[in-house]
Amino acid sequence: MPFDHNDHYHRLLLRSLPPGGRTALDIGCGTGRFARRLAGRGYRVDALDPSAEVIAEAEAAGGGPRFRRADVTAEELPAGHYDAVTCLASLHHMPFGTVTRLRDALAPGGTLLVLGCHAGTTGWDGVASPVNAVARVAVFAGERLRGTHPPPLKAPVRQPDMTLRQIRTEAARLLPGSRVRQLLFWRYLLTYRKPVERT
């Protein structure tokens, strides 16, 4: 079985979920693969994406989440509602400051998880480049052999414009106490836990 780095990152996020969580918001859900995994963990999932095409495919596949076409930069999110908010490879399609909207949608003690893409090249990315090419070819070949390669969707694609250093600076400013961990394949994991207010 060829290495599927998307599945690897999904498992990384699932391990980072807060214990005992019940409600989740998945931003930029695409065809719903990760949202369905959240639902499989017992979460009541709201899954949003601005693309009508991918939302239609997500709804056709079903699996438990409530899929909805919506632009999170304009959508009114319920304040203090979600135990987990996830955002996979989609934050670079919107202003980075959108994280404050996601933060405000978290319940006290809730966790924001952003699997993001960054611009620029670091030492890790130099290693990742040939590995990424080999992994993509292997996954594609395996899917073709099994007859499971889906037709490509025409979802919008935008290259990230913030470097990892800029992302860390903005995360520290907007989400005090957050952590940004560099991953392979030009990705990072931002983790933020909303403080519980003391009375």
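Values quoted throughout were computed directly from the atomic coordinates according to the rules given, and no laboratory measurement underlies them. Keep in mind it's a predicted model, so treat the numbers as computed, not measured. No Cβ is skipped: glycine too gets one built from the backbone with ideal geometry, and neighbour counts run over all protein chains shown.
Applied to the stretch 100-115, the Karplus parametrisation 6.51 cos²θ - 1.76 cosθ + 1.60 on θ = phi - 60° returns per-residue 3J(HN,Hα) values of 5, 5, 5, 4, 5, 7, 6, 6, x, x, x, 10, 9, 10, 10, 9 Hz, with x for Gly and Pro.
Taking amide H atoms as placed 1.01 Å from N in the peptide plane, the amide H of residue 44 lies under 5 Å from those of 23, 24, each 5 or more residues away in sequence or on another chain. Counted residue by residue at 0.36 nm each, then reduced by the alpha carbon distance between them, the extension gain from residue 22 to residue 71 reaches 15.3 nm. A simple spin-label model places the labels of residue 179 and residue 60 4.1 nm from each other, with each point 7 Å out along Cα-to-Cβ.
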